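Below is one structure; the comments refer to it alone.
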Amino acid sequence: MIQSYGGAPAMIRSFAPELPIVGIRPHLIRERAAQVIDRFPGDVLYAVKCNDHPVVLETLHAAGVREFDTASIKEIRRVRQLLPDAVCHFMHPVKSSEAIAEAYHVHGVRRFVLDHPREFAKIVQATGSAPDLELFVRLAVPGDGALLTLTGKFGTGPAEAIELLRLAKSVAAETGVTFHVGSQCLTPVAFERAIDIAALVIAEAGGVDHLDVGGGFPAAYTGDEPPFAAFVDVITAAVERHGLECRLQCEPGRLLVADGASVFARVELRRGAALYLNDGVYGNLAELKWVGPQFPTRALSVDGQRHGRDMAFDLFGPTCDSIDSMPGPHWLAADVDDGDWLEIGMMGAYSSALRTDFNGFAECHTVLLDDGVWFALEPSHQALPQAA
Ligand SMILES: *Cc1c(COP(=O)(O)O)cnc(C)c1O
């Protein structure tokens, strides 16, 4: 049973443990999922790797997400055990034969992604030449415009994709084309460019049943990010311009869950403008380093909130590795002190999912919160006056 609290300050006042805390706000996940499902003209899958906490998966399911983008057999088992009526799609282009066989025969998975002829052969063999496969070919697309690029590892060029689709059509019940423009993509036109490539491939292959535009839709960390609707408009226009008849699918991770959780880390030592926390890059806060200091952050003492954002801090995690630093500017009240808690908001995505036990710091608490969003998004808040 996960403890539920009315709000973050009350939780810190009455709980304030030694370990870091992940605070999930299911009502925000529910709202976001409803918006995305309402807005997107096709199937909405959730990319499980982003956050696979049972509360997150159950909340998304209750909000109407019934299909899941899974990338490992463990993710598939986890989703199917928790949500027996959920449909899993195996969207990783490189899978083990054992994982394909279990996915198909035990968990009812029919949709598989591939980007190489030998992966095609592997899927056919591992499923015993199943007649009801849905095979999607992953295209390589440009990654510019995304904060975290996913290019260079998966996906194939147009010529090979056309060949793979011909192979797929020779055995599969349904076929599709898929791509991923990169995570936290800030330019809707990236989807237009990707759809241009996909349309060419689809035309040459004589049509497909599905077009999967992937994930990459940005969460609103600063308020400068284009809204989901802007991406949908660009996608819809490109699909219409090319006269594509296929069913649309998207697989957001970050967009669906980013605002649905905060991480609470305690200040174990303040040294000038440096705060040493009990959570860091090897724990729940990896994105504070890799994406940068753009997450809404506030300081809470056990007596209440420390108001003001008048000083820029650098943050350090608990492990002994010097990589475990999260350079600022993290704007906080100047009177932050030892024993205070930092609430880092917008931490529902790629946060607890990336936590490791390095140096013995994996443990943390998870609580539920039902307060609203406490930060006002200020466009370009990183351009605040510099501390002296
Ligand atoms: C990670 C991933 C996603 C989700 O990406 P976000 O940037 O979190 O939206 C979707 N599809 C695939 C294939 C992925 O690997």
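Odds and ends about this structure:
- When the charge dipole of the range 28-257 is built from unit charges on Cβ atoms (+1 for Lys and Arg, -1 for Asp and Glu) and taken about the Cα centre, the candidate among SER72, VAL87, ALA168 whose Cα reaches farthest toward its positive end is SER72.
- ARG270-TRP374 FRET efficiency (beta carbon distance; Förster radius 22 Å; 0.05 resolution): 0.45
- Fully extended contour minus Cα-Cα distance, from VAL106 to LEU186, at 0.36 nm per residue: 24.9 nm
- Charge dipole (debye, nearest 20) of the chain; +1 at Cβ of Lys and Arg, -1 at Cβ of Asp and Glu: 500 debye
- Taken along the Cα-to-beta-carbon direction at a fixed 7 Å, the label points for SER325 and ASN359 span 1.3 nm.
- Among beta bridges identified by DSSP and lying wholly in the chain, the antiparallel ones come to about 45 percent.
- Dipole of the chain, positive end: most advanced residue of PRO131, SER4, GLY328 [Cβ charges, Cα centre]: PRO131
- When the C-alpha to C-alpha distance is required to be over 25 Å, the pairs from LYS74/LYS122; LYS74/LYS289; LYS74/LYS169 that qualify are LYS74/LYS289; LYS74/LYS169.
- For LYS49, the aspartates and glutamates whose Cα comes closer than 12 Å to its Cα, not counting residues fewer than 8 places off in the same chain, are ASP69, GLU75, GLU251.
- A Förster radius of 25 Å combined with the Cβ-Cβ distance from HIS307 to PHE15 puts the calculated FRET efficiency at roughly 0.75.
- For the range 28-257: span of alpha carbons on each principal axis (Å, largest first): 49, 40, 29
- Placing a pseudo-label 7 Å from each Cα along the Cα-to-Cβ vector at ARG118 and ASP209 gives an inter-label distance of 2.8 nm.
- Kirkwood hydrodynamic radius of the chain, from inverse mean 1/r over distinct Cα pairs, in Å: 21.9 Å
- Only Lys, Arg, Asp and Glu carry charge here, each on its Cβ (+1 for the first two, -1 for the last two); on that basis the range 28-257 has a dipole of about 540 debye about its Cα centre.
- Portion, in percent, of the accessible area of the range 196-348 that falls on carbon or sulfur, probe 1.4 Å: 51 percent
- Using 0.36 nm per residue and subtracting the Cα-Cα separation, the extra length available between ALA229 and ILE37 on full extension is 68.0 nm.
- Helical segments meeting 24 Å axial Cα length and Kyte-Doolittle 1.6 threshold in the chain (DSSP H): none
- The calculated FRET efficiency for VAL94 paired with THR236, based on their beta-carbon distance and R0 = 35 Å, is about 0.65.
The values are calculated or read from the model by the stated rules, or taken from the named source; none is laboratory data. Everything quoted here is computed from the prediction, not taken from an experiment. So basically every Cβ, Gly included, is an ideal-geometry build from the backbone, and we count neighbours across all protein chains shown. Calculation scope for accessible area: heavy atoms of the full protein, side chains included, ligands and nucleic acids excluded. Shrake-Rupley method; radii C 1.70, N 1.55, O 1.52, S 1.80 Å.
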